[in-house]
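Written below as structure tokens is the structure these notes are about.
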Amino acid sequence: IPSVSNIVPESCLLIVVGLLVGGLIKGVGEKPPILKSDIFFLFLLPPIILDAGYFLPLRPFTENLGTILIFAVVGTLWNAFFLGGLMYAVCQLGGPGLNHIGLLANLLFGSIISAVDPVAVLAVFEEIHINELLHILVFGESLLNDAVTVVLYHLFEEFANFEQVTILDIILGFLSFFVVSLGGVLVGVIYGVIAAFTSRFTSHIRVIEPLFVFLYSYMAYLSAELFHLSGIMALIAAGVVMRPYVEANISHKSHTTIKYFLKMWSSVSETLIFIFLGVSTVAGHHYWNWTFVISTLFFCLIARVLGVLVLTWFINKFRIVKLTPKDQFIIAYGGLRGAIAFSLGYLLDYEHFSMRDMFLTAIITVIFFTVFVQGMTIRPLVDLLAVKKKQETKRSINEEIHTQFLDHLLTGIEDICGHYGHHHWKDKLNRFNKKYVKKCLIAGERSKEPQLIAFYHKMEMKQAIELVESGGIGKIPSAVSTVSIQNINPQTLPLERVLPALSKDKEEEIRKILRTNLQKTRQRLRSYNRHTLVADPYEEAWNQMLLRRQKARQLEQKMNNYLTVPAHRVDSPTMSRARIGSDPLAYEPKEDSENLPIITIDPASPQSPESVDLMSEEPKGCSGLPPSPEEDEEGLVMRVKEPSSPGTDDVFTPGTSDSPSNQRMLRCLSDPGPRPEPEEGEPFIPKGQ
């Protein structure tokens with residue numbers, strides 16, 4: 001039902017389905033299953049996080065890493081302590097039912113409920129198609145705040161068992177945050193490198209290539225959880241590290257398998273999590289306390305809004321692209337809670353936390369409010385505030401070249417200024433990666449392939465796949481690269497040759513890519529698609545013809561300037577008829593046009609009076625219409641005399657100027673006569689112009 005799914009997010013509908021299923025099971029008299037924490041953390045959560053980490057948009061993530069870390073670490077700490085402190089105050093003032101809840105228990109509850117949930121954020125933000133900056137800020141925060149949540153949760157859980165908490169315990173707890181987060185990242189990086197190295201040797205067994213990606217990623221998650229490190233950070237690090245090297249080694253079929261299997265796996269996990277949330281709500285034991293639940297909900301919203309406003313004010317002092325008030329509102333409003341908070345609450349022990357049922361009831365209330373109310377209203381609010389949406393565009397060779405150029409330019413500027421900034425360290429990392437890491441982790445010649453050619457092959461392959469999937473197999477260009485064909489049908493690789501830094505073939509391939517992708521600016525096509533530009537066989541001939549025409553025009557203009565030829569003027573019909581009658585072959589007048597008197601000049605001796613030849617000339621004013629002032633000022637229009645045929649004498653051969661009529665015209669030229677208004681009309685156009 002599209003009309004329903006446009007208004008209500010999928011996560012809300014799945015929770016409703018879970019509530020109905022749970023109610024049905026309970027109505028039959030059976031006990032509904034509850035979402036156990038072990039099932040959630042070991043089986044349902046890893047696929048979603050691996051999918052997010054493996055396909056993480058790395059460039060926007062790294063460019064906004066500082067902002068994301070501030071929101072994830074400082075923001076989560078602020079939410080946990082602000083909420084825990086205020087809830088402790090509420091418990092002290094709330095009457096006999098809440099007096100027994102201590103400060104540590106409230107701080108533990110604050111740490112559970114404060115973290116933004118990546119599953120809920122993904123479910124809602126993927127549907128509203130928010131712009132890339134806001135999506136990566138909220139989603140990045142939800143991924144990286146796991147380390148803070150894990151540390152605070154285990155810290156307060158341990159402190160609850162202590163009789164007295166010393167300053168040393170607090171310092172060790174603070175240091176454990178770095179151990180948990182950086183340790184998780186380190187575990188992920190190690191397994192990512194092992195996965196990339198393993199994929200180097202799988203060219204003869206393509207079938208099991210996807211298995212290594214899933215196996216090593218899951219082992220990274222389990223190894224991190226085994227030592228109480230951040231499993232989510234380990235999974236993200238493993239996915240980010242292994243992807244570029246694994247994709248260069250594996251076949252195209254394996255790449256497609258990984259992509260679709262991860263999407264399917266994460267989608268199934270997400271569906272099960274939200275359905276289980278609904279079922280667990282019906283099946284679980286609840287203890288409802290109005291004061292505690294409403295206070296939790298209210299303080300959650302207040303803490304989120306205050307945290308975002310204060311942190312954004314601080315962040316904007318250092319950001320080039322500032323976060324606008326609209327962006328701040330979406331970041332604050334997008335802080336959704338989900339199944340991670342529920343599972344952490346479910347893990348609490350009854351012996352030490354007798355108020356566990358009340359905590360779970362408050363957690364479920366907050367989850368339902370954020371997912372239903374905020375999740376359903378965020379789409380209309382995005383439209384109402386006219387927040388920039390995500391633009392689905394594919395990168396072209398042109399964009400890739402200019403992006404690389406700007407990166408190098410900014411690195412050079414930083415070096416000149418002596419400032420070691422973001423671009424400087426990124427360039428160092430790229431050089432190290434190209435010089436050492438790629439040679440170890442990528443098999444064959446692909447490790448030495450220039451970045452531009454690698455990107456072109458990837459784009460070419462995408463285009464070929466789209467054409468195959470759409471049924472346009474006949475439209476695949478003939479220039480599909482050998483590497484792309486190798487990926488589709490793997491062949492035995494030749495023995496590795498010692499290659500120079502950039503071979504002539506690679507240079508020629510780069511030139512060809514640039515020619516075909518960057519010299520299309522003057523083409524005007526009826527239907528334009530930058531990925532399916534077809535070479536025009538007539539383009540070269542057409543360009544040559546345009547150049548010849550342009551040269552002819554320039555030559556003609558130079559000749560006219562040399563002969564000091566003025567512009568054509570309006571002429572009377574009588575003069576036109578006289579001129580056509582004198583030499584009908586030399587002139588071809590337009591319809592209703594009036595022609596000018598023309599003097600033919602021999603360019604060999606333009607100064608000699610013998611070279612001036614009056615052809616069918618009439619005096620101004622002799623035709624009954626006196627000349628205009630403009631005609632008087634500009635004089636006569638002259639044209640070059642045709643060269644005489646060999647064997648004729650220009651002096652003694654009688655010409656048309658010796659006739660009596662021409663003599664009469666010459667006498668009339670000396671008398672300009674009165675000057676009436678000039679006539680309207682088209683200028684005379686000679687042949688050949």
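Placing unit charges on the Cβ atoms only, positive for Lys and Arg and negative for Asp and Glu, gives segment 407-460 a dipole magnitude near 320 debye about its Cα centre.
Expressed as a whole percentage, what fraction of the accessible surface of segment 67-113 belongs to carbon and sulfur atoms when a 1.4 Å probe is rolled over the protein heavy atoms? Each step should come with its number before you reach the end.
Numbers: 1300 of 1670 Å².
Percent of accessible area from carbon and sulfur atoms in segment 67-113: 78.
On average, how much accessible surface per residue is there in segment 213-299, in Å², for a 1.4 Å probe, leaving out ligands, DNA and RNA?
Numbers: 3730 Å² over 87 residues.
The answer is 43 Å² per residue.
Using a probe radius of 1.4 angstrom, the carbon and sulfur fraction of the accessible surface of segment 407-460 is 62%.
Dipole magnitude for segment 334-436: about 340 debye, using +1 per Lys or Arg Cβ and -1 per Asp or Glu Cβ, origin at the Cα centre.
Sorting 134-142, 164-172 by their mean Cβ neighbour count within 10 Å, with the most densely packed peptide first, gives 134-142, 164-172. Direction-averaged projected area, Cα convex hull, segment 261-384: 10.8 nm², rounded to one decimal. Answer rounded, prolate or oblate for segment 96-182, using the Cα gyration tensor with square roots of eigenvalues a ≥ b ≥ c: rounded when a/c is under 1.5, else prolate when a/b is larger than b/c, else oblate. Judged from the Cα gyration tensor, segment 96-182 comes out oblate (a/c at least 1.5, b/c at or above a/b). Counting every alpha-carbon pair across segment 199-254, the share separated by more than 17 Å comes to 39%.
Can you give me the orientation-averaged projected area of the convex hull built on the Cα atoms of segment 407-460, in nm²?
Value for segment 407-460: 4.4 nm².
For segment 125-238, the equivalent ellipsoid derived from the Cα gyration tensor has semi-axes of 33, 21, 10 Å, listed largest first.
Output the peptides 112-118, 254-260 sorted from most to least packed, where packing is the average of other Cβ atoms within 10 Å over each peptide's residues.
Numbers: 112-118: 27.3, 254-260: 16.7.
Final packing ranking: 112-118, 254-260.
Averaged over residues, the count of other Cβ atoms within 10 Å places the peptides 44-57, 414-427 in the sequence 44-57, 414-427, highest first.
Filter the cross-link list Lys322/Lys388; Lys388/Lys462; Lys438/Lys512; Lys434/Lys506 down to pairs whose alpha-carbon distance in this structure exceeds 19 Å. With Cα atoms farther than 19 Å apart: Lys388/Lys462; Lys438/Lys512. Rolling a 1.4 Å probe across the protein heavy atoms gives segment 407-460 an accessible surface of 65 Å² per residue. Taking every Cα-Cα distance in segment 1-123 and sorting them into 5 Å bins starting at zero, the pair-distance distribution P(r) comes out as 2, 8, 9, 13, 14, 16, 17, 12, 6, 3, 1 percent. When the Cα positions of Trp425, Ala454, Ala443 are compared along the charge dipole of segment 407-460, Ala443 comes out farthest toward the positive end, with charges on each C-beta of Lys, Arg, Asp and Glu.
In this simple spin-label approximation, Met376 and Leu103 carry label points 7 Å from Cα along the Cα→Cβ vector, and these lie 4.1 nm apart.
The values are calculated or read from the model by the stated rules, or taken from the named source; none is laboratory data. Given the structure is predicted, the values throughout are model-derived calculations rather than measurements. Cβ atoms come from the backbone with ideal geometry, glycine included; neighbour counts cover every protein chain shown. When the accessible area is computed, the model is the full protein with side chains, heavy atoms only, and any ligands, DNA or RNA have been set aside. Shrake-Rupley method; radii C 1.70, N 1.55, O 1.52, S 1.80 Å.
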